[in-house]
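The values are calculated or read from the model by the stated rules, or taken from the named source; none is laboratory data. Computed from a predicted model, the values in this text were never measured in an experiment. We place every Cβ from the backbone using ideal geometry, glycine too, and count neighbours over all the protein chains shown. Accessible surface is based on the protein model in full, side chains and every heavy atom, while ligands, DNA and RNA are left aside. Shrake-Rupley method; radii C 1.70, N 1.55, O 1.52, S 1.80 Å.
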Amino acid sequence: MTTIYKNVYVKETATIAGEYEANGPLKKYFDRTYTKDLYFGETSFEKAEIKLLRDVTALILRKSRLKEKEVDVIISGDLSNQIAASDYAMRDFDIPFLGIYNACATSSEGMIIAANFIEGKIYKKCLVTTSSHNTAAEKQYRNPTEYGTPKPDTATFTVTGGAAILLTNEKTNIKITSSTIGKVIDKNTMDVNHMGAVMAPAAADTIYRHLTDLKRAPDYYDLILTGDLGIYGKEILLDYMKTAYNLDISKQYNDCGTMIYDLKKQPVFAGGSGPACSALVNFAYIYQALKEKKFKRVLLVPTGALFSPTLFFQKESLPAIAHAISLEVVE
Amino acid sequence: MNNKEYQKLVKKHTPKPKVGKNAAIAFFIGGLLGSFSELLQELYGLWFHMPRKEAGVLVILTLILIASILTALGIFDVAVAKVKSALIIPITGFAHSITSAALEYKTEGFVLGIGANIFKLAGTVILYGVVAVYFFGLLRILIMGG
């Protein structure tokens with residue numbers, strides 16, 4: 001389902017990144033970096049993730065000079081069980097809260113909900129936040145963080161960071177122009193260390209539907225950006241789009257997971273992943289590039305593997321989702 | 001595109017694991033660890049005037065201690081990424097799995113954290129190790145008479 005928006009604008013973004021991300025090529029675009037360790041002065045990794053969300057929410061309020069009461073709703077989600085980081089962080093804000101989950105596609109899910117509220121004239125100012133924390137995610141989804149086990153090249157590295165975006169009906173230079181809600185796609189992939197392969201068909205389906213619904217060629221966009229497919233997922237997506245849909249997007253296409261780290265120097269295997277991966281790249285680097293008019297039309301397609309460790313052990317294959325949302329510079 | 005065709009496409013773009021190279025590294029470093037243990041066993045026998053069997057137990061304890069300390073210092077997992085299974089298969093890997101779980105769950109307290117989770121990874125080894133020992137012991141009695 002593709003929707004066109006006429007009155008939704010981006011007012012502000014805020015980003016906080018961890019140590020590995022600060023050592024990557026996008027360092028200068030982040031508002032803040034926490035580089036001492038992964039605890040950020042808290043006593044556990046889970047509490048550190050709550051701090052990330054709390055700090056980034058306070059930061060965006062300050063950057064946009066808004067009081068808590070002036071924000072109509074905050075929509076937030078993350079990777080932790082019960083989306084606990086979001087739930088606990090929002091205790092400290094006097095703002096109505098909606099908790100959401102679409103794994104690493106959470107930021108686009110939040111932006112679409114917010115855009116629909118604003119376009120429907122229900123709300124005027126909606127805040128969308130998301131986070132992920134490398135070691136909190138490792139602990140929940142994989143093994144204890146200090147446990148070393150050889151990983152294949154196709155594995156990805158969960159990004160540590162918090163990111164926020166404020167959508168509003170007030171005119172700014174960057175407009176949200178359309179969105180396409182993704183479907184849950186499962187191509188029977190069984191490899192938890194190859195999330196690029198799990199998510200590529202979901203991204204391809206959403207991109208294809210978005211372009212055909214709006215009768216657009218890929219070159220309408222300066223950039224089509226998936227969330228966290230990684231080096232190999234990127235190749236799979238391009239090949240799959242050509243074979244299944246006869247669409248060549250290679251000239252416009254990139255993936256946030258391959259942009260956030262220096263893949264040659266940092267030990268991150270196929271690239272970054274996690275809700276904060278696409279959110280940090282989009283809200284920091286892409287937002288800045290749009291402000292500077294380096295890009296004029298961008299299609300963001302954060303990708304998420306909707307994977308449950310329990311069901312994986314019960315031999316279920318891995319479902320995935322991707323939502324698309326387009327940002328354009330207002331001339 | 002059906003699922004089978006898609007999996008073929010995935011395979012085309014997935015790097016093959018370097019099994020030969022990884023196995024060679026694991027064999028060489030694992031072998032070094034074995035030689036070190038053997039040397040330690042001889043030395044313990046010499047220093048403490050111990051029979052070989054008792055010196056062996058002391059060697060195992062030494063390796064467990066070293067692996068646990070290296071895990072706590074955050075060195076062990078980095079080393080495993082470099083030398084693959086050379087450190088995971090021997091007793092060092094077993095100690096590492098227990099220490100890393102203990103470290104991980106200390107934030108949830110001594111009982112529900114460390115107590116409930118310390119054998120999260122090692123539990124499988126302990127359970128099937130005990131079962132296997134029982135059956136092999138039984139076979140030994142039946143075939144060799146003890």
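Solvent exposure of chain A, expressed per residue, is 39 Å² of accessible area, with all protein chains present and a 1.4 angstrom probe.
Given R0 = 35 Å, the distance between the Cβ atoms of B:L39 and B:I126 translates into a calculated FRET efficiency of 0.75.
If you find the alpha carbon centre of region A:113-181 and of region B:5-53, how far apart are they in angstrom? Using only Cα atoms to place each centre, the spacing works out to 40 Å.
Relative to the dominant Cα principal axis of chain B, helix B:3-12 is inclined by about 70°.
Taking θ as phi - 60° and the Karplus parameters 6.51, -1.76 and 1.60, the scalar couplings of region A:206-221 work out to 5, 4, 4, 5, 4, 5, 6, 4, 9, 6, 10, 8, x, 6, 4, 9 Hz in sequence order, x denoting glycine and proline. Between B and A, buried accessible area from a 1.4 angstrom probe totals roughly 2400 Å², ignoring ligands, DNA and RNA. For A:S132, nonlocal amide neighbours, meaning residues 5 or more places apart or on other chains whose placed amide H falls under 5 Å from its own, are A:G161, A:A276.
For region B:34-39, 3J(HN,Hα) computed residue by residue from phi via the Karplus equation (6.51, -1.76, 1.60; θ = phi - 60°) reads x, 5, 4, 4, 4, 4 Hz, glycine and proline entered as x. For a modelled paramagnetic label at A:K27, 7 Å from Cα along Cα-to-Cβ, the residues of region A:242-271 in reach, with backbone nitrogen under 19 Å, are A:258-268. Amide H contacts of A:D262: none lie under 5 Å away among residues 5 or more positions distant or on a separate chain (H built 1.01 Å from N in the peptide plane; Pro and chain starts excluded). The charge dipole of region B:7-146, taken about its Cα centre with unit charges on the Cβ atoms of Lys, Arg (+1), Asp and Glu (-1) only, comes to about 900 debye. Which of the listed residues, B:A81, A:G18, A:A279, is farthest toward the dipole's positive end in the protein assembly as shown, when Lys, Arg count +1 and Asp, Glu count -1 at the beta-carbon? After comparing all options, I get A:A279. The stretch between A:N7 and A:Q288, if pulled fully straight at 0.36 nm per residue, gains 99.1 nm over its current Cα-Cα span. Label zone (A:T35, point 7 Å along Cα-to-C-beta; backbone nitrogen cut-off 20 Å) within region A:255-289: A:259-268, A:272, A:277, A:280-281, A:284-285. A loss of 20 Å² or more of accessible area (1.4 Å probe, protein heavy atoms, ligands and nucleic acids excluded) relative to the isolated chain is seen in these residues of region A:134-149: A:K139, A:P144, A:T145, A:E146, A:Y147, A:G148.
Using only side-chain charges placed at the Cβ, +1 for Lys and Arg and -1 for Asp and Glu, the dipole size of the protein assembly as shown relative to its Cα centre rounds to 840 debye. Modelled spin labels at A:F97 and A:N173, positioned 7 Å past Cα toward Cβ, are 3.4 nm from each other. Placing unit charges on the Cβ atoms of the charged side chains and taking the dipole of region A:119-263 about its Cα centre, the candidate lying farthest along the positive direction among A:I181, A:Y141, A:V192 is A:I181. Annotation: amide H-H contacts under 5 Å for A:T303 (H modelled 1.01 Å from N, sequence separation of 5 or more, or interchain): A:G227, A:D228. Compared with the dominant Cα axis of chain B, that is its longest principal axis, helix B:122-144 is turned about 60°. Three semi-axes describe the equivalent ellipsoid of chain A; taken as square roots of 5 times the Cα gyration tensor eigenvalues and ordered largest first, they are 26, 25, 18 Å. Each Lys and Arg adds +1 at its Cβ and each Asp and Glu adds -1 at its Cβ; summed about the Cα centre, region A:64-155 shows a dipole of about 200 debye. Residue ranking by accessible heavy-atom surface, 1.4 Å probe, largest first, among B:L65, B:L9 comes out as B:L65, B:L9. Computed over protein heavy atoms with a 1.4 Å probe, the accessible surface of region B:3-118 works out to 62 Å² per residue.
A helix-only calculation puts chain A at -9500 deg cm²/dmol for mean residue ellipticity at 222 nm, using -39500 (n - 2.57) for each DSSP H run of at least four residues, averaged over all residues. For the residues of B:1-8, the average number of beta carbons from a partner chain within 10 Å of their own beta carbon is 5.
Ordering B:N22, B:G34, B:V57 by Cα displacement along the dipole of region B:14-59 toward the positive end leaves B:N22 in first place; charges were set at the Cβ atoms of Lys, Arg (+1) and Asp, Glu (-1). Working note: Karplus 6.51/-1.76/1.60 with θ = phi - 60° gives region A:42-59 the couplings 9, 9, 8, 5, 5, 5, 5, 5, 4, 4, 4, 5, 4, 5, 6, 5, 4, 5 Hz, where Gly and Pro are set to x. Per q in 0.14, 0.17, 0.19 Å⁻¹, report the Debye log10 I(q)/I(0) for region A:2-168, using one uniform scatterer on each alpha carbon and no solvent. Each listed q maps to, in turn, -0.72, -1.01, -1.21. Looking at the calculated P(r) for region A:186-241, what percent of the C-alpha pair distances fall above 19 Å? Everything past 19 Å amounts to 29 percent. Please work out the Kirkwood hydrodynamic radius for region B:3-118, using every pair of different C-alpha atoms, and report it in angstroms with one decimal place. Result for region B:3-118 stands at 16.8 Å. For chain B, modelled as a Gaussian network with Cα springs under 10 Å, which listed residue fluctuates most, B:A132, B:A79, B:A67? The residue that fluctuates most here is B:A132.
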